[in-house]
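The values are calculated or read from the model by the stated rules, or taken from the named source; none is laboratory data. From a predicted model like this one, the values you see are computed outputs, not experimental measurements. FYI the Cβ positions are ideal-geometry reconstructions off the backbone, even for glycines, and counts take in every protein chain you see. Heavy atoms of the whole protein, side chains included, go into the accessibility calculation; ligands, DNA and RNA do not. Shrake-Rupley method; radii C 1.70, N 1.55, O 1.52, S 1.80 Å.
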Amino acid sequence: MNVVLWIVQGILAAGFIYSGWMKAFRHEQARTAWPWVGDVPKPLVWGIGLMELAGVLGVILPLATGIAPILTPIAALGLAVTVLLGAAFHVSRKEYKEIGINIVFLVLAIVVVIGRW
């Protein structure tokens, strides 16, 4: 079970590294990839990206180092909330096609929360 959870954490981290990096440091590329980025203030997009990157660190480092491993499921819960809010945002904009990836990452985050708690 531990190996499966590490794989899920790796997939979760990889997805959020990509999206967080784009939002925080590649704003123009993010606008091209995700039309909603052009409709919200740049500082908000930047902040979301930084929170996602912080979540990646929290999902991997505490358990990997053995320092405060309880932070791993807490970070995964934070990422789950982020994804849930993102899905609600897409629903409010009637961007239903965008919700599929939110559901996938929500499930991955919940698996980590439950498995590591």
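Worth a mention:
- Surface share of carbon and sulfur [accessible, 1.4 angstrom probe, percent] for the chain: 74 percent
- The modelled label-to-label distance for the pair L84/I101, using points 7 Å beyond Cα in the direction of Cβ, is 2.1 nm.
- Additional length obtainable on full extension of the chain from V3 to T65, 0.36 nm per residue less Cα span: 20.7 nm
- Cβ charges +1 (Lys, Arg) and -1 (Asp, Glu), total dipole of the chain, debye: 100 debye
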